[in-house]
Amino acid sequence: MNPWLTIALLVVSNVFMTFAWYGHLKLQNMNIITSNTPLYIVVLISWGLAFLEYSFQVPANKFGYVENGGSFSLMQLKVIQEVITLVVFTLFTVLFFKGEQLHWNHFAAFLCLIAAVYLVFLK
């Protein structure tokens, strides 16, 4: 499988995951759901989004894994997924939650993530 297709599937998966985990907070902020909305309703909405997340995550890992003809080891897949998760989450936070700000330590953490990706790909 093309490694870029694996990464694209992981990105789409993480967009759904981020909305499943944190989207209800934005919906509450927009008064689409309220703090009085029953928790089971919020959970069901999140589960629906999580299903979409898994619909992309599982194929990305299955076809991206080297033993299935993919390009990545299990450790590489995990580190790539974590970096994508944090990038997607950061973009989500900055775009949808205007009160959240990035600081120097966030950028320092991103540099550490880049170093982690480099290190995990060393032979």
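The values are calculated or read from the model by the stated rules, or taken from the named source; none is laboratory data. Owing to the predicted nature of the structure, the values given are computational and were not obtained by experimental measurement. For neighbour counting, all protein chains shown are included, and Cβ atoms are generated from backbone atoms with ideal geometry for every residue, glycine included. Accessible surface is based on the protein model in full, side chains and every heavy atom, while ligands, DNA and RNA are left aside. Shrake-Rupley method; radii C 1.70, N 1.55, O 1.52, S 1.80 Å.
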Members of region 1-57 found to be of a type in the set (D, E, K, R) and either over 11 Å from the mean Cα position of the chain (by Cα) or over 20 Å from Leu86 (Cβ atoms) (or both), listed by number: Lys26
Neighbours by Cβ (under 7 Å, 6+ apart or cross-chain): first from region 79-90, closer than 13 Å to Asn61 by Cβ; second not aliphatic (A, V, I, L, M): Ile80/Phe72; Ile84/Asn14
Whichever residue in region 17-62 is of a type in the set (S, T, N, Q) and assigned to a helix (DSSP H, G or I) and, among such residues, is least open to solvent (accessible area, probe 1.4 Å): Thr18
Residues satisfying the stated conditions in region 63-81, i.e. in a helix (DSSP H, G or I) and surrounded by fewer than 16 Cβ atoms within 10 Å (Cβ to Cβ): Val66, Glu67, Asn68, Leu74, Met75, Lys78
Test for Gly69: is it closer than 30 Å to Val117 by Cα, at pLDDT 90 or above and not β-branched (Val, Ile, Thr): yes
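From Phe96, Phe92, which residue is at pLDDT below 90, in contact with a Phe, Trp or Tyr (Cβ under 9 Å, 6 or more places away or on another chain) and under 19 Å from Val12 (Cβ atoms)?
Every option except Phe96 fails the conditions.
In region 102-123, what count of residues is obtained for those that are open to solvent by 70 Å² or more (accessible area, probe 1.4 Å) and not hydroxyl-bearing (Ser, Thr, Tyr)? Write out each step before concluding.
Residues of region 102-123 open to solvent by 70 Å² or more (accessible area, probe 1.4 Å): 102-105, 107, 111-112, 114, 118-119, 121-123.
After this cut, where a residue has to be not hydroxyl-bearing (Ser, Thr, Tyr) as well, the list is 102-105, 107, 111-112, 114, 119, 121-123.
So the answer is 12.
Looking only at region 82-101, filter to residues that are outside any loop (DSSP other than H, G, I, E, B) and open to solvent by 50 Å² or more (accessible area, probe 1.4 Å); which one of those is nearest to Met1 (Cα to Cα)?
Going through the qualifying residues, I end up with Glu82.
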Residues of region 1-16 satisfying the condition of being of a type in the set (S, T, N, Q) and part of a helix (DSSP H, G or I): Thr6, Ser13, Asn14
